Amino acid sequence: MSAQQTTRSIIELHWLYGNTRQWDRFSSLLHPDMVYEVPQTRERLRGSAAYTAMFRDWPGDWRGEIKRIVAEPVQAVSVIDFIVGAEHMTGITFFDLHEGLITHVTDVWPSDYEPPERVTPMDRY
């Protein structure tokens with residue numbers, strides 16, 4: 001990581017390069033042996049080539065609009081509005097970095113659902 005690149009800027013570039021389909025630059029942010037996981041579906045990809053191919057090939061014409069990034073020196077989390085056509089989904093992505101490269105990515109895709117009946121009353125917003 002250069003003196004000018006922070007963990008936050010690397011995550012911002014991750015989404016920028018993905019959104020603008022700059023796959024060589026996107027791949028340059030990744031450790032060759034990085035791991036990508038989606039706990040909800042129990043899916044795992046290994047390697048920067050596989051991760052880049054997933055972004056490039058699926059799910060078609062998408063974009064991720066950053067809503068929030070929280071970054072520490074070697075970890076970060078981003079919350080994005082993931083847009084495919086007219087569909088909007090919230091994506092929460094946890095990143096681990098080592099020596100300025102992304103080494104591990106965990107995606108969480110929360111979905112809206114109707115809350116259960118509660119003993120303690122809660123306001124809805």
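The values are calculated or read from the model by the stated rules, or taken from the named source; none is laboratory data. Fair warning: this is a prediction, and the values are worked out from it, not measured in the lab. FYI the Cβ positions are ideal-geometry reconstructions off the backbone, even for glycines, and counts take in every protein chain you see.
Please verify whether ASP57 is modelled with pLDDT under 95 and over 20 Å from ILE92 (Cα atoms), treating the condition exactly as stated.
So ASP57 passes the test.
Would you check if there is a residue in region 27-49 being of a type in the set (Lys, Arg), under 12 Å from the mean Cα position of the chain (by Cα) and either at pLDDT 95 or above or on the phi > 0 side of the Ramachandran plot (or both)?
no
Could you tell me whether region 51-63 includes any residue that is under 21 Å from HIS98 (Cβ atoms) and over 15 Å from the mean Cα position of the chain (by Cα)?
no
May I ask you to verify whether THR106 is assigned to a strand (DSSP E or B), more than 21 Å from ARG25 (Cβ to Cβ) and either of a type in the set (S, T, N, Q) or in contact (Cβ under 8 Å) with a residue 24 or more places away in the chain (or both)?
Considered against the rule, which asks whether it is assigned to a strand (DSSP E or B), more than 21 Å from ARG25 (Cβ to Cβ) and either of a type in the set (S, T, N, Q) or in contact (Cβ under 8 Å) with a residue 24 or more places away in the chain (or both), THR106 comes out as yes.
Which ones in region 1-21 are under 20 Å from PHE82 (Cα atoms) and touching a helix residue (DSSP H, G or I) at 6+ places or on another chain (Cβ under 8 Å)?
Scanning region 1-21 gives LEU13, HIS14, TYR17, GLY18, ARG21.
On the basis of being in a loop (DSSP other than H, G, I, E, B), surrounded by 10 or more Cβ atoms within 10 Å (Cβ to Cβ) and not basic (Lys, Arg), does PRO115 make the cut?
no
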